[in-house]
Every structure is written in structure tokens, then in C-alpha cells.
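The structure appears below as C-alpha cells.
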Amino acid sequence: MDANYTRALNLLKSNPSEQTLDLKLSRAKYLQLENAFYKLYPESLELRYPSLSYDSFTETVTVVTAPGNIHESAASGISSVIEVDAKQYLSTYSRELAATILGYGSTTTRRFRGAFEGSRKQPDGGVMYKSLDGQKVTVVLEVGFSENYTSLCRSKDMWIDGHGVNVFILLCLTERPRFKNPTTVYDDIRDVDDAIDEMENSLNETLRLNLSNNRHALYLYRGHKWAGEMKEAFIEIWRAGNSIPSRYYLIHNGHTCDELPTTLGIRISDLFPDHVWQAKNIPDKVIPFDARLYVTTLMKAMCVTAVDRFATYIRGEEEEEEEEEEEEEEEKLLG
């Protein structure tokens with residue numbers, strides 16, 4: 001347990017990008033880690049990342065550092081569609097009811113019940129019902145890579161069984177190969193901003209080919225893979241009381257699927273507590289989903305992620321060089 005505590009704390013301290021760590025910790029040890037987290041980041045309640053979650057049922061702590069653009073775009077691309085379509089539809093019947101729909105995401109939640117009491121979780125997106133008579137998180141969305149599918153399913157149990165959401169949306173993406181920083185130093189870069197612009201222009205050509213061929217090829221620059229092939233992508237819709245999800249495939253074997261869904265089966269009524277919706281007597285409606293547009297968004301976001309990774313890497317190298325120069329100057333002054 002002490003080793004796991006140390007690993008989690010070290011990741012919080014170093015806070016590198018695009019890292020997810022699941023570890024077993026007792027509740028007492030987790031509370032110790034949470035206290036250390038608050039000391040490291042006094043503004044943690046306002047921070048999106050690094051985030052700290054805890055599943056009290058499985059005694060699993062999860063540390064997540066800032067994800068890439070692909071993660072953020074994937075989450076917002078679904079949540080915003082649900083919220084906007086629902087508000088537009090309801091405004092023709094009841095503007096008051098439409099105003100009770102709020103976007104929900106990146107909000108640390110502690111109000112879990114039953115076996116999950118004492119848990120802490122931060123979703124990637126979702127929808128919340130809020131009125132003067134009460135509130136309820138009705139839809140939650142979480143995004144992960146294939147290695148984290150089991151972790152996503154644990155999150156599903158927390159939100160449905162421990163928080164009572166109506167719908168849990170699980171988006172699973174597979175990048176192959178997974179990204180690693182170069183092992184060689186880029187010591188020929190003189191202007192970082194120019195280097196980033198040059199790299200972005202190069203990768204835009206790959207993006208253009210990917211878009212025209214419905215292909216999700218990797219992004220290669222200077223002999224290094226800055227983003228792997230988007231191999232697979234699917235969405236699962238989980239509901240309370242249903243042990244089998246509805247699964248929708250978007251990408252398979254690095255290609256956009258020929259038959260893409262036009263809806264994820266989410267209804268306007270899913271966004272409200274049952275008693276609220278039944279009292280309104282408004283016709284229900286399935287919320288549409290433009291999967292082809294969404295896949296295009298994912299493709300562009302993967303390209304942005306590749307550029308961001310390159311920028312982070314060379315800016316880090318620049319900072320290291322400046323620190324070394326400062327240390328050399330200090331040594332000269334000391335004699």
C-alpha cells in the first residue's frame with residue numbers, strides 16, 4: 001500500500017501530460033493522499049487536471065493528468081450535442097423546462113451512496129437537471145483508451161449504482177502505437193515557434209489525406225510517431241437496470257465504419273428525473289447524433305494532439321537547456 005501511495009503522489013507532483021494511473025489504496029491511505037493533493041494544489045477545487053478520484057467499493061484511486069486534445073474534443077463533441085438539441089426541442093414547449101438542463105463535466109462529485117459512499121469522481125462530460133425543487137445528474141460521459149476499458153466500466157458502476165444517473169456514456173478509443181517521447185535530443189531547433197508551425201504544416205498534409213480516405217493513419221514527423229493510428233473507436237450506452245449496453249462502432253481497423261449511427265438512442269426524457277418528465281406531458285424524442293461529423297472532429301483532434309505533443313516536448317527541451325546554461329553561469333561565478 002505504501003508503494004502505491006508513493007507512486008500516486010509522485011505522479012501528482014510531476015504532473016506529466018496524458019497519464020492515467022489506477023492503484024489500490026485503503027480509504028485511510030486515500031484520505032492521506034487527498035490531503036497531500038490539497039497541499040500540492042491549493043486551488044484543486046478549480047483545477048481540471050491533475051484530477052484525483054476514488055472508488056470506495058473497489059478501493060481504487062485514479063490519478064489523471066492533463067489529457068490531449070483528442071480526449072477533450074471527444075467528450076465535448078457528445079455532451080454539447082445532447083445539451084443543445086434538448087434545449088432547442090424543449091424551448092418550443094417549455095422554456096422554463098429547457099432552462100433546467102445544464103452541462104455537467106469536470107466537476108468533482110462526492111455524493112455517492114451505498115457501497116460507493118466516500119467515493120470521489122470527476123466525469124468528462126454529461127448533463128444535469130437543476131430547478132428550484134431539486135437537482136439530479138442524469139447523464140454522465142467518460143472517455144478512455146482501450147487499456148482503460150475496465151476502469152471505465154468501474155466508473156459506470158459508480159455513476160449508475162452509486163449516484164443514480166439515468167445514462168452512462170462510455171467512449172473507448174484505441175491509439176496504436178501509444179505515444180512515447182523521442183529518445184533523441186532535437187538540438188538543431190533555433191526558434192521553437194517556427195519549428196511548431198513547420199511541424200503543424202507537415203501534419204496537415206497527413207490530416208488532409210486521412211480525411212479524404214476515411215483513414216486514421218499515424219502522424220509522423222522527423223522520423224517520430226507523434227500520434228499513432230486511431231485503430232478503434234466505439235461508444236457504449238449503459239442504463240440503470242440493464243446489464244448489456246448498446247454499442248456503436250465508429251472506427252474499425254483504422255478506417256471509419258461504413259455504417260455509422262444517426263443516434264445513440266438517448267431520449268429527451270433521459271435528461272430528467274422520471275417524476276419531472278411525466279408531470280410535463282411533453283412528447284418524447286430521440287436525440288440525433290451525426291456520427292460522421294463526430295468522426296471528422298476526432299480526426300482533426302488527433303492531429304492537434306500530435307502537434308501539442310511535439311510542442312510540449314521541444315519546449316521542455318528548451319527549458320532544460322536554459323536551466324543548464326544558468327547552472328554553468330553560476331559555476332563560473334563561484335570560481
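The values are calculated or read from the model by the stated rules, or taken from the named source; none is laboratory data. Everything numeric here is computed off the predicted structure, so don't read it as measured data. FYI the Cβ positions are ideal-geometry reconstructions off the backbone, even for glycines, and counts take in every protein chain you see. Heavy atoms of the whole protein, side chains included, go into the accessibility calculation; ligands, DNA and RNA do not. Shrake-Rupley method; radii C 1.70, N 1.55, O 1.52, S 1.80 Å.
Evaluate the following for THR100: is it hydroxyl-bearing (Ser, Thr, Tyr), closer than 18 Å to VAL167 by Cα and at pLDDT 95 or above? Judged against the criteria, THR100 is a match. The residues listed here are ASN214, ASN210; of these, the one that is surrounded by 14 or more Cβ atoms within 10 Å (Cβ to Cβ), at positive phi and not β-branched (Val, Ile, Thr) is ASN214.
Please verify whether ARG110 is open to solvent by 20 Å² or more (accessible area, probe 1.4 Å) and within 21 Å of the chain's Cα centre (by Cα), treating the condition exactly as stated. The answer is yes for ARG110. Within the stretch 140-155, being open to solvent by 30 Å² or more (accessible area, probe 1.4 Å), closer than 28 Å to GLN32 by Cα and in contact (Cβ under 8 Å) with a residue 40 or more places away in the chain holds for ASN148, ARG154. Mind listing whichever residues of the stretch 195-251 are β-branched (Val, Ile, Thr) and farther than 24 Å from ALA291 by Cα? Once the filter is applied, which keeps residues that are β-branched (Val, Ile, Thr) and farther than 24 Å from ALA291 by Cα, the stretch 195-251 yields only ILE196.
Out of curiosity, is TYR49 open to solvent by 10 Å² or more (accessible area, probe 1.4 Å), out of contact with any helix residue (DSSP H, G or I) (no Cβ under 6 Å at 6 or more places or on another chain), more than 22 Å from PHE234 (Cβ to Cβ) and not aliphatic (A, V, I, L, M)? It is true that TYR49 is open to solvent by 10 Å² or more (accessible area, probe 1.4 Å), out of contact with any helix residue (DSSP H, G or I) (no Cβ under 6 Å at 6 or more places or on another chain), more than 22 Å from PHE234 (Cβ to Cβ) and not aliphatic (A, V, I, L, M). No other residue among VAL137, VAL167 is surrounded by 14 or more Cβ atoms within 10 Å (Cβ to Cβ), closer than 28 Å to THR256 by Cα and not polar (S, T, N, Q) apart from VAL167.
The residues listed here are THR62, THR58; of these, the one that is open to solvent by 20 Å² or more (accessible area, probe 1.4 Å), at pLDDT 90 or above and not small (Gly, Ala, Ser) is THR58. Across the stretch 123-132, the qualifying residues are those that are in contact (Cβ under 8 Å) with a residue 24 or more places away in the chain and surrounded by fewer than 19 Cβ atoms within 10 Å (Cβ to Cβ), and the one among them that is farthest from HIS71 (Cα to Cα) is SER131. With respect to (1) buried (at least 17 other Cβ atoms within 10 Å of the Cβ); (2) charged (D, E, K, R); (3) free of Cβ contacts under 8 Å to residues at least 60 places away in the same chain, the lone exception for GLU18 is condition (3). Name the residues in the stretch 33-83 that are among the charged types (D, E, K, R) and in contact with a strand residue (DSSP E or B) (Cβ under 8 Å, 6 or more places away or on another chain), would you? Result: GLU34, ASP55, GLU59, GLU83. Scanning the stretch 52-98 for residues that are among the hydroxyl-bearing types (Ser, Thr, Tyr) and under 20 Å from the mean Cα position of the chain (by Cα) gives SER53, TYR54, THR60, THR62, THR65, SER73, SER76, SER79, SER80.
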